[in-house]
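Right, one structure below, let's go through it.
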Amino acid sequence: MLIVSRMRARIFYSIPLLILLVGLILPSVTIITNSQTSNTLTIGWVHSPPYVSLSSYNPNIFSGGLGGAFYGLVYAYSAILNVSNNQMLPGIVENWTFSPSNWVQEFNSINTVNVTLYLNPHAHWANGQPVTAYDILATCLILDMYGAPPFPNYTVINNYTITISYPKDFVSPYLMPFTLLDTVGLGEVAVIINYQVWKPIIQEIEGNWTLLQEGKVKTTVFRSMIRSFNPALVAPISADYNGPFYVTQITPSEIVLAKNPGFYAANMIPWNKVIIYQFSSSQDLLAAVKTGEIDLLYAGATSLPSAALSSLPSYYKVISIPQPGGYALYFNLQNPWLKYVQVRQAIAYIINRTAVALAGGVKYSPVHVPNGIPNFSYFNEFRTPAVAHLNPYNVNLTKAAELLESVGFTKKNGQWYTPAGTPFTLNITDVISSSPGVSSMLTLIADELTAFGIPTKYSIITIASVAHHLYESGDYDMVFQAWGGYYPGTVDWYLELQYLSGIPYNVTHWDLLVPLPNGTVYNMSELYAESVAPNSTSQLIAANDEIAYALNYYLPALPLVYSDYVIVYNSNVIKAPPPSSWFWEEALYGIGGTALLQAGFQYGYLVPTTVTTTTTTTVTPTTTSVTSTTSVMTTSSSTTNVGLIAGIVVVIVIIIAAAVFLLKRRR
């Protein structure tokens, strides 16, 4: 189905896949708070070369300006997904409707779904100019130039209302969280383009829109135009930012942000200023952590090593935010011995996943059921009786030996031999990370297999092109790679069943067919398509459950650990919600988890321990109904009480580079 390619292309939001793209990601960002001045928030950023001056700074996000790493800080999202309940929280967009009113019931017979966005009239760019529907239009058109047709069509109704007409393969009534994210949430991209500033380029795109839709004019024509544009030559830099803060000063050592008085929730923000300190090396940043200067560290895909996290002073509190993805061993099914399911199952019984997670450190937790439905609240509907009794592969060396013997392996003097009489040895290739935590996990895995009688070593490849050549050659045994991820509305099987199984990289060298013991053969390509483009809710649930059942048995990959987002905060300076709060899960949304910033600022969570001049009140996020003159259906525009806690502070570290934000839109 076309919807598969359209919707799944957006899986680049997946957190483990961002790990795959680590070569594209700028160094991590950490937040430092100046406790001497409680209304100034300071951020530390390893960034080389640094920005030098305001006069030489180009705020164009496509030309190196502050980008996706600072969504929620200098740019506001249209809306953000409440990860805990899969509902949207309003931002610049305060309400939304879908039409035709019966689009869910008539989905299979319609060609277009219209989404009307109603903007918050209190949202302003930092120069005082209102944020309007034309800015939504401008943002979408610019982002479309980094995609391919067919594009949605846009109709500006008035300054605060815009209707976006999506081809139906862009949306799904059976994956409503993803549909909301991709439409109301603009595909997790903030509102980054001021129409009035970018008007000449926007008008060029609009003038060629029909030809662009027909593919007769290539989007690449406009990309060089976009990259070469300098908004600072047209308007003051304050006109480029609509988030809580905006850029006011730049030196080689710091970027100063002032509070945006026109931010729609400005009265909720006690901070008057943000200073982003530009560090030249991670060593300098680490030194700041060790001396207690850093009040909050947002880890995400890159962070302090687990050993460092475990040795922090007692006033640092560590919040681990579980995500449904991490690391797995991918088996090369071209290997003459690993092609046997019994051998892969034996390896699963040998490796102690709990011990592996402990070896990795506080950033990791064990996978309880390999390839099962992850035990997270947003996957509750998929945990049916059909997957209630999947194999947990608890350590069982006796069972492992029986499985090897069942396919002709023998053990002599502590060494296992293949049916061909050769010593059975293995090598693991790590293509993800050479971090101390990962090395510790691989060392333990190799030691456990070796102790069982299968001598195992591991090697590290950190150059992507070399790894890709290795995949093509098939000359390897197992690969340590990313697995799983967060994909609203369905379980994320993309890495295991697409990206690392031939689309584009064939790590497993597997035909995606699973022959079960009863003679049934599952076609995983078909089941995967049903899991991302279902025709009904029942098909969605059944597809996920059948995938889990099949992969748990067949084990083309053995998921080992979940990789947690880690946030560390100084409890002497910051009061924060308990680890169970919905708020922390916002780190799973937006680039680098920057939805956490917007939620914190908008609802009064980002509050210093001592506020010198500002009183902040906590509110419950709600969306008011908007009556339309046409018959429309309001979908998920009311949000349940999410239990906000008053007087809470959280400050965030951003870890993802502006280069990655281009992957986070449609198509």
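The values are calculated or read from the model by the stated rules, or taken from the named source; none is laboratory data. On a predicted model such as this, the values are computed, not experimentally measured, just so you know. Every residue, glycine as well, gets a Cβ built from its backbone with ideal geometry; the counts of neighbours run over all protein chains shown. These accessible areas exclude ligands, DNA and RNA; they are computed on the full protein's heavy atoms, side chains included. Shrake-Rupley method; radii C 1.70, N 1.55, O 1.52, S 1.80 Å.
Within the stretch 374-400, can you find the residues that are more than 30 Å from residue 539 (Cβ to Cβ) and either without any contact (Cβ under 8 Å) to a residue 12 or more places away in the chain or open to solvent by 20 Å² or more (accessible area, probe 1.4 Å) (or both)?
Scanning the stretch 374-400 gives 394, 395, 396, 397, 398, 399.
For residue 235, all conditions in the list (1) in a helix (DSSP H, G or I); (2) over 30 Å from residue 167 (Cβ atoms); (3) aliphatic (A, V, I, L, M) hold save one; what is the number of the exception?
The single condition residue 235 does not satisfy is (1).
Return the residues of the stretch 40-64 that are of a type in the set (Ser, Thr, Tyr) and under 27 Å from residue 283 (Cα atoms); say none if nothing qualifies.
Once the filter is applied, which keeps residues that are of a type in the set (Ser, Thr, Tyr) and under 27 Å from residue 283 (Cα atoms), the stretch 40-64 yields 40, 42, 48, 51, 53, 57.
Of the conditions (1) touching a Ser or Thr at 6+ places or on another chain (Cβ under 7 Å); (2) part of a helix (DSSP H, G or I), residue 200 fails just one. Which one is it?
Among (1) touching a Ser or Thr at 6+ places or on another chain (Cβ under 7 Å); (2) part of a helix (DSSP H, G or I), the lone unmet condition for residue 200 is (1).
How many residues are free of Cβ contacts under 8 Å to residues at least 60 places away in the same chain, open to solvent by 10 Å² or more (accessible area, probe 1.4 Å) and not charged (D, E, K, R) if we restrict to the stretch 445-470?
Qualifying residue count, the stretch 445-470: 15.
In contact with a strand residue (DSSP E or B) (Cβ under 8 Å, 6 or more places away or on another chain), closer than 18 Å to residue 75 by Cα and either open to solvent by less than 10 Å² (accessible area, probe 1.4 Å) or not hydrophobic (A, V, I, L, M, F, W, C) (or both) - does that describe any residue in the stretch 140-158?
Checked against the condition, which is being in contact with a strand residue (DSSP E or B) (Cβ under 8 Å, 6 or more places away or on another chain), closer than 18 Å to residue 75 by Cα and either open to solvent by less than 10 Å² (accessible area, probe 1.4 Å) or not hydrophobic (A, V, I, L, M, F, W, C) (or both), the stretch 140-158 yields at least one hit.
Taking the stretch 159-197 as the search range and keeping residues that are among the polar types (S, T, N, Q) and open to solvent by 10 Å² or more (accessible area, probe 1.4 Å), which one is farthest from residue 241 (Cα to Cα)?
165
Among the listed residues 519, 502, 484, identify the single one that is on the phi > 0 side of the Ramachandran plot and modelled with pLDDT under 90.
Selected residue: 502, the only one of 519, 502, 484 that is on the phi > 0 side of the Ramachandran plot and modelled with pLDDT under 90.
Does residue 91 satisfy the condition of being touching a Gly at 6+ places or on another chain (Cβ under 7 Å), more than 19 Å from residue 253 (Cβ to Cβ) and not aromatic (Phe, Trp, Tyr)?
The answer is no for residue 91.
Would you pick out the residues in the stretch 273-291 that are farther than 20 Å from residue 53 by Cα and open to solvent by less than 20 Å² (accessible area, probe 1.4 Å)?
Across the stretch 273-291, the qualifying residues are 285, 288, 289.
What number goes with the only condition from (1) over 28 Å from residue 492 (Cβ atoms); (2) buried (at least 19 other Cβ atoms within 10 Å of the Cβ); (3) hydrophobic (A, V, I, L, M, F, W, C) that residue 431 does not pass?
Of everything listed in (1) over 28 Å from residue 492 (Cβ atoms); (2) buried (at least 19 other Cβ atoms within 10 Å of the Cβ); (3) hydrophobic (A, V, I, L, M, F, W, C), residue 431 misses just condition (1).
For the subset of the stretch 404-415 comprising residues that are surrounded by fewer than 21 Cβ atoms within 10 Å (Cβ to Cβ) and of a type outside the set (S, T, N, Q), which member is nearest to residue 340 (Cα to Cα)?
This residue is 407.
Please verify whether residue 351 is within 27 Å of residue 491 (Cβ to Cβ), open to solvent by less than 20 Å² (accessible area, probe 1.4 Å), in contact with a Phe, Trp or Tyr (Cβ under 9 Å, 6 or more places away or on another chain) and modelled with pLDDT under 90, treating the condition exactly as stated.
no
Within the stretch 109-139, take every residue that is in contact with a helix residue (DSSP H, G or I) (Cβ under 9 Å, 6 or more places away or on another chain), polar (S, T, N, Q) and more than 26 Å from residue 236 (Cα to Cα) and give me the one that is surrounded by the fewest Cβ atoms within 10 Å (Cβ to Cβ).
Filtering the stretch 109-139 for residues that are in contact with a helix residue (DSSP H, G or I) (Cβ under 9 Å, 6 or more places away or on another chain), polar (S, T, N, Q) and more than 26 Å from residue 236 (Cα to Cα), the one surrounded by the fewest Cβ atoms within 10 Å (Cβ to Cβ) comes out as 111.
Within the stretch 198-218, can you find the residues that are open to solvent by 10 Å² or more (accessible area, probe 1.4 Å), farther than 23 Å from residue 58 by Cα and not β-branched (Val, Ile, Thr)?
Selection gives 206, 207, 208, 209, 211, 213, 214, 215, 216, 218.
Per-residue answers, yes or no, for (1) acidic (Asp, Glu); (2) surrounded by fewer than 19 Cβ atoms within 10 Å (Cβ to Cβ); (3) in a helix (DSSP H, G or I):
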site: 511; (1), (2), (3): yes, yes, no
site: 559; (1), (2), (3): no, no, no
site: 574; (1), (2), (3): no, no, no
site: 596; (1), (2), (3): no, no, yes
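Going by what's in this entry, would residue 551 be described as more than 27 Å from residue 74 (Cβ to Cβ), open to solvent by less than 10 Å² (accessible area, probe 1.4 Å) and in a strand (DSSP E or B)?
No; evaluated as a whole, the condition is false for this residue.
Report, by residue number, each residue of the stretch 471-507 that is surrounded by fewer than 21 Cβ atoms within 10 Å (Cβ to Cβ) and among the β-branched types (Val, Ile, Thr).
Result: 503, single match.
Which ranges mark the strands (runs of 3 or more DSSP E) fully within the stretch 1-98 that have 2 or more residues being modelled with pLDDT of 90 or more, surrounded by 17 or more Cβ atoms within 10 Å (Cβ to Cβ) and of a type outside the set (D, E, K, R)?
Answer list for the stretch 1-98: 79-82, 87-90.
Quick one: in the stretch 516-544, of everything that is of a type outside the set (A, V, I, L, M, F, W, C), assigned to a helix (DSSP H, G or I) and open to solvent by less than 10 Å² (accessible area, probe 1.4 Å), which residue is farthest from residue 381 (Cα to Cα)?
528
Within the stretch 233-257, can you find the residues that are surrounded by fewer than 20 Cβ atoms within 10 Å (Cβ to Cβ) and either without any contact (Cβ under 8 Å) to a residue 24 or more places away in the chain or closer than 22 Å to residue 195 by Cα (or both)?
Result: 233, 234, 235, 236, 237, 238, 248, 256.
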